[in-house]
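So the structure is just underneath, and the comments pick up after that.
The values are calculated or read from the model by the stated rules, or taken from the named source; none is laboratory data. Remember, it's a predicted structure, so these values are computed and weren't measured experimentally. All Cβ positions, even for glycine, are placed from backbone atoms using ideal geometry, and neighbour counts span all protein chains on display.
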Amino acid sequence: MPAAIDLAHISELYRTHRDDLARVREHMRAHRRHTGHTMTPRLDDLEAEITYLLLRHNTPATVVEIGTAHGWSTAWILHALHDNGTGHLHSFDTTDHAPQHVPHHLTDQWTFTHGDVRTHTHLIPARTDHLCIDAAHNGWFARWYLHHLLPTLAPGIPVSVHDVFHQRRALPFTEGAVVLAWLTAHTTNFFTASAARAPHHHQALTDLKKQLHLTEPVHTSHRNPMIYFHLPHSATRARTAAPAHHAR
Ligand SMILES: C[S@@+](CC[C@H](N)C(=O)[O-])C[C@H]1O[C@@H](n2cnc3c(N)ncnc32)[C@H](O)[C@@H]1O
């Protein structure tokens, strides 16, 4: 039974991996300076750090990332796999910006596929241990992965979805609204450090980071709209191929 993704667990992970995280934060700050205006980072600091910490704790063999853009989240994930000394990341994006931006020393543990993930599901390993989704933020795309991708994966794996809680509630018809309704239907909790949705989590982690001397921002946005959950058993089944035209 994996540890619940909650404030207590994440706080413990911040304490356990504090020194490694401080080093990675320095690397990511330098990476940001180095790439300058050519890089548009999306993940905010808390959600990038939580992703790093969960990967350090779970030491997955195989991670899948959908939506890399310029590779900001990719670099955070690869730092975790590099620090674990094991694991491989499979990333998918319709643009090919990420390979030009991900630091070279991290790419041994990375396979990038340029194209629409919906037509490349055969490249998603059946034994995926961790899934990060930050791609199209509409309901159509959410319905595609909820009905055609997630059921093919192993129950209990950690999943993250970005851009759910920019506000206290997900806007109607968005990816976030569809995923939240699906989580409710599967009686599955989620964790978020979103400033708008869970200000107490956001504040508690900000306070903890102050105590741990991890205060200087890497990326300046503070919204942290990502959610994290474990894939519910009731949502999984044998892998089936989904025609891409069903999933706009
Ligand atoms: C918000 S950006 C990702 C940001 C990145 N995770 C970061 O932290 O900087 C969303 C990306 O998803 C990609 N995308 C959208 N729909 C996709 C699809 N069907 N298959 C693959 N990539 C997709 C877009 O090209 C875009 O680069």
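Couple of notes before you dig in:
- The numbered conditions (1) within 11 Å of the ligand (Cβ to nearest atom); (2) in contact (Cβ under 8 Å) with a residue 24 or more places away in the chain; (3) farther than 17 Å from L55 by Cα are all true for T113 except (2).
- Scope the range 210-230; condition within 25 Å of F190 (Cα to Cα) and in contact with a Phe, Trp or Tyr (Cβ under 7 Å, 6 or more places away or on another chain); matching residues: P225, I227, Y228, F229
- For the range 116-149, the set of residues classified as touching a strand residue (DSSP E or B) at 6+ places or on another chain (Cβ under 7 Å) and more than 11 Å from the ligand (Cβ to nearest atom) consists of L123, I124, P125, R127, T128, D129, H130, L131, G139, listed by residue number.
- Flag for V102 being of a type outside the set (S, T, N, Q) and more than 30 Å from A170 (Cα to Cα): yes
- Of all residues in the range 58-95 being more than 16 Å from the ligand (Cβ to nearest atom) and part of a strand (DSSP E or B), the one that is surrounded by the fewest Cβ atoms within 10 Å (Cβ to Cβ): H88
- Residue within the range 173-181 that is surrounded by fewer than 21 Cβ atoms within 10 Å (Cβ to Cβ), under 20 Å from P41 (Cβ atoms) and more than 16 Å from the ligand (Cβ to nearest atom) present: no
- Tally of residues being of a type outside the set (A, V, I, L, M) and either surrounded by fewer than 14 Cβ atoms within 10 Å (Cβ to Cβ) or within 16 Å of the chain's Cα centre (by Cα) (or both) across the range 96-111: 7
- Matching option when the condition is hydrophobic (A, V, I, L, M, F, W, C) and closer than 30 Å to R23 by Cα, among L214, L180: L214
- When R197 is tested against the conditions (1) touching a helix residue (DSSP H, G or I) at 6+ places or on another chain (Cβ under 8 Å); (2) at pLDDT 95 or above; (3) part of a loop (DSSP other than H, G, I, E, B), the lone failure is (1).
- Residue match in the range 199-213 (condition: within 14 Å of the ligand (Cβ to nearest atom) and of a type outside the set (A, V, I, L, M, F, W, C)): no
- For first residues located in the range 13-33 and among the basic types (K, R), partners that are surrounded by fewer than 13 Cβ atoms within 10 Å (Cβ to Cβ) and lie 6+ apart or on another chain with Cβ distances below 8 Å form the pairs R25/E216; R29/E216.
- Candidates are the residues of the range 37-57 that are without any contact (Cβ under 8 Å) to a residue 40 or more places away in the chain and surrounded by fewer than 19 Cβ atoms within 10 Å (Cβ to Cβ); the one that is nearest to the ligand (Cβ to nearest atom) is T40.
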